[in-house]
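Participant: This structure is in structure tokens; I'll ask about it shortly.
The values are calculated or read from the model by the stated rules, or taken from the named source; none is laboratory data. All figures in this text were calculated on a predicted structure; none of them were measured in a lab. Neighbour counts are summed over all protein chains in view; Cβ atoms, including those assigned to glycine, are modelled from backbone coordinates with ideal geometry.
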Amino acid sequence: MDALLSDVVGAGGEGEQLPTEKELCDEYAVSRTTVRQALAELEQRGLIYRIQGKGSFIASEASVDEPSSMLDFDMLAQCESVEPGEIVRELVCRDLPDVAMSTVQMFGGASRASVCRTDVRYLIDGSVVALESIYLRRSDVNALPDCESEPVLRTLMAIRPRVSSVRESYHARSITAGERDAFGVEDGVLLSITRYMSDANGALVALVERRVLTDRVSYQNYRFTS
């Protein structure tokens, strides 16, 4: 599977579509299960993104040269036909305890207590258009004195000199039962974007998961309707 992992991302440029699962099975003489495991690992690393019904694509990689580069994950800049002031950002909950162990392990942690999770939401005309979860190392958050005001933003600014690469992965999916109340809808299609911020050694220092209800807003030219 190592050869498959390295070849798949090394064979194409940013945005290029990968071969189908069947084509990869035939080319590498492996089972579909192996191919799916490889693609899932590549997506988790942020090396590819998948769009339901279209396929898998090579993700972009941006080197962070400017201090503000890692903070340009701005909703307004990503949405079409939205004017400044239309999008409202609200804190939902800070320091949530329910961090998945898979996320903890990506940070190299051993317990959920080692990672901080903060949830925010974005609204247009009072309707929720996106939910966002921001994950940071607790040691980075605790290292800041007087961090009661905007701790997430302040922590991101403090760690940005350590960030050498930023990757994003994309995945379109149906809204889950647990998300229906948060968005106030019965059904819909979400564009799930995960941004991975890593240091020069490849260690994850911050992770942001954003879920956009594309029935309500077009995000980076993506619009999926249920």
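Participant: Of these, ASP215, ASP199, which one is farther than 17 Å from CYS79 by Cβ and surrounded by 14 or more Cβ atoms within 10 Å (Cβ to Cβ)?
Facilitator: Only one candidate qualifies: ASP199.
Participant: Moving on. Going through ALA158, ALA182 one at a time, which residue ends up being under 19 Å from CYS79 (Cβ atoms), outside the structural domain of LYS54 (by the TED database) and in a helix (DSSP H, G or I)?
Facilitator: ALA182
Participant: Within 10 Å of the chain's Cα centre (by Cα) and without any contact (Cβ under 8 Å) to a residue 40 or more places away in the chain: is that true of SER198 in this structure?
Facilitator: Answer is no for this residue.
Participant: Provide a single number: the residues in region 127-181 that are acidic (Asp, Glu), at pLDDT below 85 and under 14 Å from the mean Cα position of the chain (by Cα).
Facilitator: Residues that pass the stated criteria total 1.
Participant: All but one of (1) free of Cβ contacts under 8 Å to residues at least 40 places away in the same chain; (2) in contact with a helix residue (DSSP H, G or I) (Cβ under 7 Å, 6 or more places away or on another chain) hold for VAL82; which doesn't?
Facilitator: (1)
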